[in-house]
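Undergrad: Just passing along the structure, written as structure tokens.
The values are calculated or read from the model by the stated rules, or taken from the named source; none is laboratory data. The structure presented is a predicted model; accordingly, all values stated were derived computationally and were not measured. Counting neighbours? That spans all protein chains shown, and the Cβs are built from the backbone with ideal geometry, glycine included. Remember, those area values only see protein heavy atoms, side chains included, never the ligands or the DNA or RNA. Shrake-Rupley method; radii C 1.70, N 1.55, O 1.52, S 1.80 Å.
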Amino acid sequence: MFIKQLCTPRDMLDNMNNQTWIVKNRVSDDVYTNREELLAYYYKVSLQTAERLTMSNVLLGYRRMGKTEIFRRVVNKLFFEQNKKSPKAVVPIYYTFSDHIKDDLQFSIEYLENFLRFYLGFYLNDPELIKRAAGYNELKDIANNAMAHVPSVKTLKWILDTIETIATFPVPAKVAVELPRRVSDIDDTSIVVFLDEFQNATLPQFDFSVVGYYQEGADSPTCPHFVTGSAMSILLMEMVGKGPLFGRFKFKRIEVMTSYYSSELALKVSHRYNADINADIAPVIAERCGGNPYYITAVIQHAVELQRPLRTEEDINDILAIDITSGFIWGELCDQLNKWITRINPSHITKWILYLASLEESYRDDDPGDDKEIDLNKIQKALKEKERVDVEISTIRDIMVMLSRGDLLECKAFSFYRIKDPILCDFLKVWGKIEMDKMTFTRVKNDLRNQYYHFSKRSLDEYKGYLGEIHMSQILLASQRKGLPGKWFHQDQPITMPDFSFVNHRVRLSSGLSKEIDLLGAAGPEAWVCQSKWVENTKIGSTVLKRLLQQSMDIKERMNLVFMKKWLFAHDGLTKDAELFAHENHIYWSDRADLDALLNHLNLRPLYSFGKSRI
């Protein structure tokens, strides 16, 4: 049974209860999925601070992708897995910016006390000091008895004196922000500062900003700063991408989960919450949620709360319609949206522009593979009809730039497009109907359920084909820059895998039959065109191969490629004629045994076993 192959319940609950932490993980270990590469990266570069090899870094990604969880786990690992007496020990400091900071002094006191808490907690090996958020009076008493445990008594006394006199400094926030770097410089020690929700280092609605003060702190080999936040565009375009912080940060990106790993997450979450779900529907949940771990978890949790099964695509659509209009997703996105609109411009016109932009189609009619630019003239005309006001195109453009900073739209060279987040796009329409068109929740929910019902439904064979496709895509990603045995592709020579720039599912060349490619992997002058045919008890004939060959020729011409690889997954193999055609046209192909062998070779889970697949 597939579930046992994928996520046999690990007995981790007791381990989680006893797990050591100073900042609590928000995701349990038995659910946490596919962020190991970023965890390893941040742990490694943190330790390299001791060698003065680390540069400040910003982790970029859309909201709810798991950025905070990565920072928390790295901070915990740094605290518990180092020899604190070693001269190469790296002190982790973790701070989250509030969205309600109203003055520099309030921030400065909180920031300095937080630093002292982590600093003492590390050198005294006292996680409870950090967990219980000890106040300054307690911290001062502890510090006075801890002089023998810190690198420098003089420096610790200076830290205490700075906190007690912070209100007397002309610019207290500058002093507070620069203190960690000064401590590490004076003592020649190593400190790494992890800053979450960094977009709140500037709060225009409260006339608060401390971003510029990080210029000295971030440009430090003894005290690099790692920052992230829930507004990727403002971090990149307005904070670390220009002004005093420009050039002082490296960039790392966290993307949506691949179809393979988001399906795995769906199954892990389903098991943890005891959801009534068919294993083969997990990839559909992942696809509909756009690979976003928060949405995947929210949909499954809501289904459990409502005691509803998730066995078919209709079940998923129904739960999504409820969640987007009144459930966990509605609450989360509504809160984020209201905060951002309050931050930039709470005017009625701003809300109308966001709503009207959300109604635009995603793709161009003449090229379904390309994004469709939002028509500002169309929005201008709609504003005239809705609000009886004339709004200049330049004003609309300025507002849309601000909305793009909150990752509510995409802005490319002052052209605007819908964000690549299917749940957020549907939410914005729902929010606009309720907030701007004054429709009732019940009516909007019913309309969305009806809309989802009319989505194209996939047959079981189509589900199976998609499952094969996501396993193929993970093979491409996991095998980059490696060699694979040719026998699993029915080739005589080993296959050298390229470094892919992207691997995209369901690529449409144009409208019409046979114009959608299951999988396209691009690697500069080379590309892989892949098709998945999960057809049991029947071998695939030459017609499918001829279609794959034509698609590859179209892609080669369109992308001006030098090397073109064609790969077919045929569950039960090929007919004799098809095998000959594949050989003559240099088409790779794999049957189920071949694909399972590739998956096993790359330490990935095997293909699903259909039949009894309920969790």
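Undergrad: What's the FRET efficiency of Asn600 with Thr395 using the Cβ-Cβ distance as r and R₀ = 56 Å, to the nearest 0.05?
TA: E between Asn600 and Thr395, to the nearest 0.05, is 0.45.
Undergrad: Here is a further query. Please list, in order along segment 557-574, the HN-Hα scalar couplings obtained from phi with the Karplus expression 6.51 cos²θ - 1.76 cosθ + 1.60 (θ = phi - 60°), rounded to whole Hz, x for Gly and Pro.
TA: Calculated HN-Hα couplings, in order: 5, 5, 9, 6, 8, 9, 10, 10, 10, 10, 9, 10, 9, 10, 3, 9, x, 10 Hz.
Undergrad: Using Cα atoms only, what is the angle between the long axis of helix 104-123 and the major principal axis of the chain, expressed in degrees (0 to 90) to the nearest 10?
TA: Compared with the principal axis, the helix lies near 80 degrees.
Undergrad: Further, regarding this structure: According to a simple spin-label model (label point 7 Å from Cα along Cα-to-Cβ), what is the distance in nm between Thr20 and Val153?
TA: Taking the simple label geometry, Val153 and Thr20 are separated by 2.9 nm.
Undergrad: Based on the inverse mean of 1/r over its pairs of different Cα atoms, what is the Kirkwood hydrodynamic radius of segment 542-615, in Å?
TA: Its Kirkwood hydrodynamic radius stands at 14.2 Å.
Undergrad: Right, next: Each residue of segment 282-296 in turn: what ³J(HN,Hα) in whole Hz from Karplus with 6.51, -1.76, 1.60 and θ = phi - 60°, glycine and Pro shown as x?
TA: Per residue, the Karplus-derived 3J(HN,Hα) values read 4, x, 6, 4, 4, 5, 5, 8, x, x, 8, x, 5, 4, 4 Hz.
Undergrad: Just to confirm the filter: which trypsin sites (Lys or Arg not before Pro) across segment 466-558 are DSSP coil and have at most 10 other Cβ within 10 angstrom of their Cβ?
TA: Sparse-neighbourhood loop trypsin sites (Lys or Arg not before Pro): Arg481.
Undergrad: Just tell me which lysines come within less than 21 Å, Cα to Cα, of Lys464; anything on the same chain fewer than 8 places away is out.
TA: Candidates past the 8-residue exclusion: Lys4, Lys268, Lys515, Lys533, Lys539, Lys566, Lys612.
Undergrad: So, one more: What residues qualify as long-range amide H neighbours of Phe194, i.e. H under 5 Å apart, gap of 5 or more or another chain, H built at 1.01 Å from N?
TA: Result for Phe194 returns Ile93, Tyr94, Tyr95, Phe226.
Undergrad: Measuring with a 1.4 Å probe in the full set of protein chains, what accessible area per residue, in whole Å², belongs to segment 530-615?
TA: 51
Undergrad: Mind listing the long-range amide H neighbours of Leu574? Cut-off is under 5 Å, sequence gap 5 or more, other chains count too, H placed in the peptide plane at 1.01 Å from N.
TA: Amide H neighbours of Leu574, under 5 Å, 5+ apart: Ile540.
Undergrad: Here are some pairs, Lys412/Lys546; Lys482/Lys576; Lys88/Lys154; Lys412/Lys445; Lys24/Lys44; which of them have Cα atoms lying more than 27 Å apart in this structure?
TA: As for pairs spanning more than 27 Å Cα to Cα, those are Lys412/Lys546; Lys482/Lys576; Lys412/Lys445.
Undergrad: Ok, one more. Report the paramagnetic label zone for Phe441: residues of segment 287-303 whose backbone N is under 17 Å from a point 7 Å from Cα along the Cα-to-Cβ axis.
TA: Only 302-303 pass the distance filter.
Undergrad: Calculate, in nm to one decimal, what Glu373 and Ile186 gain on full extension: separation in residues at 0.36 nm each, minus their alpha carbon distance.
TA: 62.0 nm
Undergrad: Which label marks the calculated value of Cα Rg over 2.2 N^0.38 Å, given the options [x] 0.96; [y] 1.34; [z] 1.07?
TA: Label [z] holds the value from this structure.
Undergrad: Another question, then. Residues with amide H under 5 Å of Arg308's amide H, sequence separation 5 or more or different chain, H placed in the peptide plane at 1.01 Å from N; which?
TA: none
Undergrad: Mind giving me the nanometre distance, one decimal, between the label points for Glu584 and Glu536, set 7 Å out from Cα along Cα→Cβ?
TA: Computed distance between label sites Glu584 and Glu536 equals 3.3 nm.
Undergrad: Then there is this: What net charge is computed for the residues neighbouring Tyr94, neighbours being all others with C-beta under 14 Å from the C-beta of Tyr94, Lys and Arg scored +1, Asp and Glu -1?
TA: Once positives and negatives cancel, what remains is +3.
Undergrad: Could I ask something else about it? For helix 441-453, what angle does its Cα long axis make with the longest principal axis of the chain, in degrees from 0 to 90 and rounded to 10?
TA: 40
Undergrad: Let me ask another. Would you be so kind as to identify which of Val150, Ile163, Val90 lies farthest towards the positive end of the dipole of segment 29-167, taking Lys and Arg as +1 and Asp and Glu as -1 on Cβ and the Cα centre as origin?
TA: Towards the positive end, the residue furthest out is Val90.
Undergrad: With +1 on each Lys and Arg Cβ and -1 on each Asp and Glu Cβ, and nothing else charged, work out how big the dipole of the chain is about its Cα centre, in Debye to the nearest 20.
TA: With Lys and Arg at +1 and Asp and Glu at -1, about 380 debye.
Undergrad: By how many nm would the segment from Lys487 to Lys384 grow when fully extended, if each residue of separation counts as 0.36 nm and the alpha-carbon distance is taken off?
TA: Working it through step by step, the gained length comes to 30.6 nm.
Undergrad: For segment 525-615, which GluC sites (Glu not before Pro) pass both filters: DSSP loop (anything but H, G, I, E, B) and at most 12 other C-beta atoms within 10 Å?
TA: Of the GluC sites (Glu not before Pro), the ones in loops of segment 525-615 whose Cβ has at most 12 other Cβ atoms within 10 Å are Glu536.
Undergrad: Diagonalise the Cα gyration tensor of segment 421-568 and give the resulting equivalent ellipsoid semi-axes, square root of 5 times each eigenvalue, largest first, whole Å.
TA: Rounded to whole Å, the semi-axes are 38, 19, 15.
Undergrad: Roughly how many debye, to the nearest 20, is the charge dipole of segment 126-281 about its Cα centre, given +1 on each Lys and Arg Cβ, -1 on each Asp and Glu Cβ, and no other charges?
TA: For segment 126-281, the charge dipole is close to 240 debye.
Undergrad: While we're looking at this one, here's another question. Over segment 256-393, give the accessible area per residue in Å² for a 1.4 Å probe, as an integer.
TA: That works out to 40 Å² for each residue.
Undergrad: Rounded if a/c is under 1.5, else prolate if a/b is larger than b/c, else oblate: which is segment 485-615, with a ≥ b ≥ c the root eigenvalues of its Cα gyration tensor?
TA: In terms of gyration-tensor shape, rounded.
Undergrad: So how strong a dipole does segment 219-342 carry about its Cα centre when Lys and Arg Cβ are +1 and Asp and Glu Cβ are -1, to the nearest 20 debye?
TA: That gives a dipole near 700 debye.
Undergrad: I would also like to ask the following. For the pair Phe80/Phe246, report the inter-label distance in nm, with labels modelled 7 Å from Cα in the Cβ direction.
TA: Distance between label points: 4.3 nm.
Undergrad: At R0 = 60 Å, how high is the FRET efficiency between His348 and Glu164 if r is their beta carbon distance? Nearest 0.05 is fine.
TA: Using R0 = 60 Å, I get an efficiency of 0.80.
Undergrad: At a threshold of 8 angstrom on Cα-Cα distance, excluding pairs fewer than six apart, so keeping six or more, what relative contact order does the chain reach in percent?
TA: After rounding, I find 12 percent.
Undergrad: Right, something else. What's the ranking of 331-342, 164-175 by average number of surrounding C-beta atoms within 10 Å, highest first?
TA: Going by the mean number of other Cβ atoms within 10 Å, highest first, we get 331-342, 164-175.
Undergrad: Rounded to whole Hz and in sequence order, give me ³J(HN,Hα) for segment 486-496 from the Karplus expression 6.51 cos²θ - 1.76 cosθ + 1.60, θ = phi - 60°, writing x for Gly and Pro.
TA: After applying 6.51 cos²θ - 1.76 cosθ + 1.60, I find x, 4, 7, 10, 6, 10, 7, 10, x, 9, 8 Hz.
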